[in-house]
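Structure, as structure tokens:
Taken together, the values in this text are just the output of simple stated rules run on the coordinates, not laboratory data. The structure presented is a predicted model; accordingly, all values stated were derived computationally and were not measured. As a convention, Cβ positions derive from the backbone with ideal geometry for all residues, glycine included, and neighbour counts pool all protein chains shown.
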Amino acid sequence: MLNMATYIRDVQIEQGGQGCVWRGRDVEGTEVALKYIRTSEGSEPTDEQMRRFEREISCQSTLRHPGIMPILAADFSDADPYFVMPLAESSLSELIGAHPDGIPEDQAVELFRKILDAVVYAHSEQVLHRDIKPANVLILDGEPRLSDFGLGRRWDSESTKLTKTNFGMGTFAYSAPEQLADGHSADARADIYALGRLFYEMLTGKVAFLGVDMDLIPGRYRYFLTTAMQVSSDKRHASAIDMSRQFQAITRDEPKGPESTGSVRELAELVNAGDSTKVAELAQLLMLHSGDPIVNLQEVVFIPAPVLEQLATLEPDAFRAAILAFDRFAAGRHPWSFTDTIARFLRDAFVAGDDIEVRRVIIVRLLRLGSSHNRFFVRERLLEVLRLVASDPTYTPVLIDVFANNQDVIPFSRAELLLLKLPASVSALIAGNAVPAAGEGAGPRFK
Ligand SMILES: Nc1ncnc2c1ncn2[C@@H]1O[C@H](COP(=O)(O)OP(=O)(O)O)[C@@H](O)[C@H]1O
Ligand SMILES: [Mg+2]
């Protein structure tokens, strides 16, 4: 560490929640920032404040990364302990303030990628930040630097209880629910949550804490953000690396074959706007990406109903392949709140064409999704599609097959299904007449 006498303090630039930051100079006149413990007039820092300050310095000074604000020197010998950083020109909160409708997408993506890299690195060094928010991302030489490790801690250390008093200003708007409930239980996924809120705010200019409106978010980030901001930490990205991989996948340039000029999302938008010449290209791209979970859950699922109709009519093979491929991802793990989006898409796909195999798969998926996620919205979509085919004799064998082979999930919708005008053989399967149904006279009870 440098000799502390070489720093001169000029003016106070910020009084944060915990710290008090001054602009100063080193002996050569280079501007620096000096961070002190914030104390009330004339009083000494408390022991708890000292411990926190030491922890902050120890976390931040061991991390060396282009996305993390370095610590140049620290002095504990002074009655007023402080540490020294390069002087940042701005912060992410100022940048967001200058763009009330969101930072331009390309810039937001570039900045966020660097912030995410810094968090991946910090986690790989076993350091959790626990206070990620725009005011704690400083801009130095045009690059974002994660700073303020005042709530940071090492994974292996004794956990530090987060009390209201050691929360910084505005921190709780970015904090994961489990972190607010009990700081002890918060792990890396609390940082992931905060990153989600941060990126939402970068893209929209709006604080996610005040309400999330996914309509403001370009389609390709919706699934990513929904996942990061899940209330239950189990449903978020499992790690910062996971999050970073998904971010790379959704932001990489789409592979552009000689005939392909856009992404699924872009082509669907063009078709939706009336350009039918793009349907064949969209069909090709769907085939190309049929195995890609990201494309399926972020782009395919948002294809509008009129585009699905055109696909089903003009490119029936690709349409069928796309829906069958999508079904695999719909069956897998996805955020609970995303189930409705999937159900809406499956309903639209059902209506779009009359491919009997596609329709069979959709009925089964709606049945299983509705039951396993206990979603009434999904059941409504199921009933909606069944009404379309209930009285069509071509579908009788299909429905018999579906209900005979999915008896386990019928109870969730049994009462409603029995109200449909289905063929008697199908209704008998739904009623479970093959099995003695003692005590079910009033129909099943739903939670
Ligand atoms: N190195 C720096 N250069 C310029 N400004 C800084 C620097 N460090 C902090 N600040 C300013 O001071 C504010 C508070 O600093 P921070 O480290 O976040 O302390 P606190 O723990 O009080 O939140 C920051 O939001 C930023 O505006
Ligand atoms: Mg701060």
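List the pairs from Lys235/Lys421; Lys206/Lys278; Lys133/Lys235 whose alpha-carbon separation is above 32 Å, in the order I gave them.
Table pairs above 32 Å Cα-Cα are Lys235/Lys421; Lys206/Lys278.
Could you pull out the chymotrypsin sites (Phe, Trp or Tyr not before Pro) across the stretch 56-142 that fall in loop regions by DSSP (anything but H, G, I, E, B) with no more than 14 other Cβ atoms inside 10 Å?
Details: sites: Phe76, Tyr82, Phe83, Phe112, Tyr121; in loops: Phe76.
Listed in order of number, the matching sites are Phe76.
Looking only at Asp191, Asp242, Asp47, which one moves most when the chain is put into a Gaussian network model with springs between Cα atoms under 10 Å?
So, out of Asp191, Asp242, Asp47, the one fluctuating most is Asp47.
How much length is gained on full extension from Asp47 to Met287, taking 0.36 nm per residue of separation minus their Cα-Cα distance?
On the way: separation 240, 0.36 × 240 = 86.40 nm, distance 6.28 nm.
Extending this stretch completely gives an extra 80.1 nm.
Need one number: % antiparallel among DSSP beta bridges in the chain, to the nearest 5. Provide the component values of the computation, followed by the final result.
Numbers: 29 of 30 bridges.
In the chain, approximately 95 percent of DSSP beta bridges are antiparallel ones.
Hey, in the GNM for the chain with a 10 angstrom Cα cutoff, which one of Asp75, Asp148, Asp340 fluctuates hardest?
Asp75
Step through the residues of the stretch 241-247 one at a time and calculate ³J(HN,Hα) from phi using the Karplus curve (6.51 cos²θ - 1.76 cosθ + 1.60, θ = phi - 60°), rounding each to whole Hz and writing x for Gly and Pro.
5, 4, 5, 5, 4, 5, 5
Hand me the trypsin sites (Lys or Arg not before Pro) from the stretch 167-252 located in a DSSP loop with no more than 14 other Cβ atoms within 10 Å, in residue order please.
Arg252
Do the sum for the chain: with -39,500 (n - 2.57) for every DSSP H run of n ≥ 4, divided by all residues, what is the mean residue ellipticity at 222 nm, to the nearest 500 deg cm²/dmol?
Details: 18 runs with 206 residues, N = 447.
Calculated from helices alone, the mean residue ellipticity at 222 nm is -14000 deg cm²/dmol.
Looking at the square roots a ≥ b ≥ c of the eigenvalues of the Cα gyration tensor of the stretch 2-86, which shape do they give, rounded for a/c under 1.5, prolate if a/b is larger than b/c, or oblate?
Details: a/c = 1.58, a/b = 1.16, b/c = 1.37.
Oblate shape, in that a/c is at least 1.5 and b/c is the bigger or equal ratio.
Please find, in a Gaussian network model of the chain (springs between Cα atoms separated by less than 10 Å), the residue of Ser61, Ser43, Ser124 whose mean-square fluctuation is greatest.
So, out of Ser61, Ser43, Ser124, the one fluctuating most is Ser43.
Sort the stretch 367-411 into rounded, prolate or oblate with this rule: let a ≥ b ≥ c be the square roots of the eigenvalues of the Cα gyration tensor; rounded if a/c is under 1.5, and if a/c is not under 1.5, prolate when a/b is larger than b/c, oblate otherwise. Present the calculation step by step, with values, prior to reporting the outcome.
Details: a/c = 3.75, a/b = 1.41, b/c = 2.65.
Oblate shape, in that a/c is at least 1.5 and b/c is the bigger or equal ratio.
Helix 219-228 versus the longest principal axis of the chain: what angle, 0 to 90°, nearest 10, using Cα atoms?
70 degrees
Amide H neighbours of Gly205 under 5 Å, at least 5 residues apart or on other chains, H built in the peptide plane: list them.
Correct list: Gly102, Ile103.
Whole-Hz Karplus ³J(HN,Hα) for the stretch 203-216, in order, using 6.51 cos²θ - 1.76 cosθ + 1.60 and θ = phi - 60°, x for Gly and Pro?
6, 10, x, 10, 6, 4, 3, 7, x, 9, 10, 5, 5, 7
Which ³J(HN,Hα) values in Hz, rounded to whole numbers, follow from the phi angles of the stretch 373-382 under the Karplus curve 6.51 cos²θ - 1.76 cosθ + 1.60, where θ = phi - 60° and Gly and Pro get x?
Running phi through 6.51 cos²θ - 1.76 cosθ + 1.60 with θ = phi - 60° gives 9, 6, 9, 5, 4, 5, 4, 4, 5, 4 Hz.
Which angle between 0 and 90 degrees, to the nearest 10, do you get for helix 339-352 versus the longest principal axis of the chain when only C-alpha atoms count?
40 degrees
Output the 0 to 90 degree angle, nearest 10, between the alpha-carbon long axis of helix 396-405 and the longest principal axis computed from the alpha carbons of the chain.
Its long axis makes an angle of about 50 degrees.
Of the options Ala190, Thr339, Ala238, report the single residue whose Cα projects farthest towards the positive end of the charge dipole of the chain (beta-carbon charges: Lys, Arg +1; Asp, Glu -1).
The listed residue farthest towards the positive side: Thr339.
Suppose the chain between Ala79 and Arg252 were pulled fully straight at 0.36 nm per residue; how much longer would it get relative to their current alpha carbon spacing? Display every interim value, and only then the final one.
Details: separation 173, 0.36 × 173 = 62.28 nm, distance 5.13 nm.
Value of the extension gain: 57.2 nm.
Under a 5 Å amide H to amide H cut-off, with H placed in plane at 1.01 Å, what residues pair with Ser90 once short-range neighbours are removed?
Ile139
To the nearest 20 Debye, how big is the dipole of the stretch 257-330 about its Cα centre, given +1 on the beta carbon of each Lys and Arg and -1 on that of each Asp and Glu? Walk me through the intermediate numbers first.
Values: 4 positive and 11 negative charges, 33 e Å.
The calculated dipole for the stretch 257-330 is roughly 160 debye.
Check Gly19: other-chain or 5+ apart residues with amide H under 5 Å from its amide H, H built from backbone geometry?
Sorted by chain and number, the residues that satisfy this are Arg38.
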